[in-house]
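Only one structure is covered here, and it is reproduced in the block below.
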Amino acid sequence: MEGDIFRGFFLKDKEHALLLKPFMREGLMPLPVTFISTISRTGIRNIAPWSCVMPVLRPLDLICAASAKKRDTLANIRETGQFVLNLVGADLQDKVIPTAKYSAPDVDEFVDAGLDEKPSALVKPPGIAGCYAWMECERVKGFEEDRYVLIVGKVLRLEVSDDVLKPDGSLDIEKARPLLITGSKKGMHFCTLQDLGVSEAFSAMFPDGKDPFEKKYTEGI
Ligand SMILES: Cc1cc2nc3c(=O)[nH]c(=O)nc-3n(C[C@H](O)[C@H](O)[C@H](O)COP(=O)(O)O)c2cc1C
């Protein structure tokens, strides 16, 4: 049975569960759409959509991005050590393909995609105006394999637009409308989130009811 998942696109097993090929995991696992902005050594501005990103545990200030080998983004991060991870709302969906298309390294992709910059405070690459949050990052480590590189960045500065925050400081997802994709055999399907209106304290998962990281969250910025 194990080998069957490599044969067909969709197969039914004995329990009537659908099996998908292993590379179809994004069909079931929505991914965020972010934009990474960088600049080259010579100052050319670059933007690329990036979905294979994740925070490295809680409460660390690290972010990990997976990159294919042939990316101007990767070359720029290697050369300058800096990038901005821009968090994208659904209203910027129409900028995904223009920034994903191949363009020569000497092309300014802000101009090409019709996006304005939002100056950064601590790094040289600018953020992108119209996004709802910006992580100014410094590369701290790269994990290189034959076909991919994992870039670990330290978030030096995290800024969020006031427009998408609730009075208690949490993200109003109905205002931010974070852009997500799921994959299918047709390609990328764009979607966003729905608020269930349910919250649980982090402390609820610890046997003593105390979150060991609580101070991190209650101390001022
Ligand atoms: C929604 C979306 C998400 C993407 N995520 C990634 C990713 O996580 N890693 C990656 O290497 N390429 C990813 N790509 C492909 C790059 O954005 C694309 O190859 C782009 O042209 C790279 O630009 P650059 O050469 O200027 O870096 C993604 C493309 C799209 C449309």
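For the structure I just gave you, tell me whether A104 is assigned to a loop (DSSP other than H, G, I, E, B), away from the ligand (no atom under 15 Å from the Cβ) and either surrounded by 21 or more Cβ atoms within 10 Å (Cβ to Cβ) or of a type in the set (A, V, I, L, M, F, W, C) (or both). Judged against the criteria, A104 is not a match.
When you check V111 against the structure, is it within 30 Å of C191 (Cβ to Cβ) and within 16 Å of the chain's Cα centre (by Cα), yes or no? Don't jump to the end; show me each part of the working.
Values: within 30 Å of C191 (Cβ to Cβ): yes; within 16 Å of the chain's Cα centre (by Cα): no.
Criteria not met by V111.
In segment 73-83, how many residues are aliphatic (A, V, I, L, M) and within 7 Å of the ligand (Cβ to nearest atom)?
First pass over segment 73-83, keeping only residues aliphatic (A, V, I, L, M): 74-75, 77.
The next check asks that each one be within 7 Å of the ligand (Cβ to nearest atom); those that pass are 74.
Counting residues in segment 73-83 that are aliphatic (A, V, I, L, M) and within 7 Å of the ligand (Cβ to nearest atom) gives 1.
Of the set (1) in a strand (DSSP E or B); (2) touching a Phe, Trp or Tyr at 6+ places or on another chain (Cβ under 7 Å); (3) under 21 Å from K95 (Cβ atoms); (4) in contact (Cβ under 8 Å) with a residue 40 or more places away in the chain, all apply to G153 but (3).
Does at least one position in segment 139-149 carry a residue that is out of contact with any Ser or Thr (no Cβ under 7 Å at 6 or more places or on another chain), free of Cβ contacts under 8 Å to residues at least 12 places away in the same chain, part of a strand (DSSP E or B) and not aromatic (F, W, Y)? Show your work before the answer.
The first filter runs over segment 139-149 and keeps only residues out of contact with any Ser or Thr (no Cβ under 7 Å at 6 or more places or on another chain), leaving 139-147.
Cutting the leftovers down to free of Cβ contacts under 8 Å to residues at least 12 places away in the same chain gives us 141, 143-146.
Of the ones still in play, those that are also part of a strand (DSSP E or B) are 141, 143-144.
If we keep only those that are not aromatic (F, W, Y) as well, we get 141, 144.
Yes, because at least one residue in segment 139-149 is out of contact with any Ser or Thr (no Cβ under 7 Å at 6 or more places or on another chain), free of Cβ contacts under 8 Å to residues at least 12 places away in the same chain, part of a strand (DSSP E or B) and not aromatic (F, W, Y).
Evaluate the following for I63: is it over 25 Å from L171 (Cβ atoms) and within 13 Å of the ligand (Cβ to nearest atom)? Considered against the rule, which asks whether it is over 25 Å from L171 (Cβ atoms) and within 13 Å of the ligand (Cβ to nearest atom), I63 comes out as no.
If you filter segment 84-93 down to residues that are in a helix (DSSP H, G or I) and more than 12 Å from the ligand (Cβ to nearest atom), you find that the one that is nearest to C64 (Cα to Cα) is A90.
Given the criteria within 15 Å of the chain's Cα centre (by Cα) and not in a strand (DSSP E or B), does C131 qualify?
Details: within 15 Å of the chain's Cα centre (by Cα): yes; not in a strand (DSSP E or B): yes.
So C131 fits the description; yes.
Quick check: is even one residue across segment 170-192 over 19 Å from L62 (Cα atoms), among the β-branched types (V, I, T) and free of Cβ contacts under 8 Å to residues at least 24 places away in the same chain? Yes, some residue in segment 170-192 is over 19 Å from L62 (Cα atoms), among the β-branched types (V, I, T) and free of Cβ contacts under 8 Å to residues at least 24 places away in the same chain. Are there any pairs, at least 6 apart or on different chains, whose C-beta atoms fall under 9 Å, with the first in segment 47-69 and without any contact (Cβ under 8 Å) to a residue 60 or more places away in the chain and more than 23 Å from K95 (Cα to Cα) and the second within 16 Å of the ligand (Cβ to nearest atom) and among the hydrophobic types (A, V, I, L, M, F, W, C), and if so, which? Listed by first residue and then by second, the contacts come to P55/I63; P55/C64.
Mind checking which residues of segment 50-83 are of a type in the set (D, E) and not in a helix (DSSP H, G or I)? Break it down stepwise before answering.
Of the residues in segment 50-83, the ones of a type in the set (D, E) are 61, 72, 79.
Result: D61, single match.
Read the figures in this text as sums done on the coordinates, not as results from a lab. All figures in this text were calculated on a predicted structure; none of them were measured in a lab. All Cβ positions, glycine included, derive from the backbone under ideal geometry; neighbour counts span all protein chains shown.
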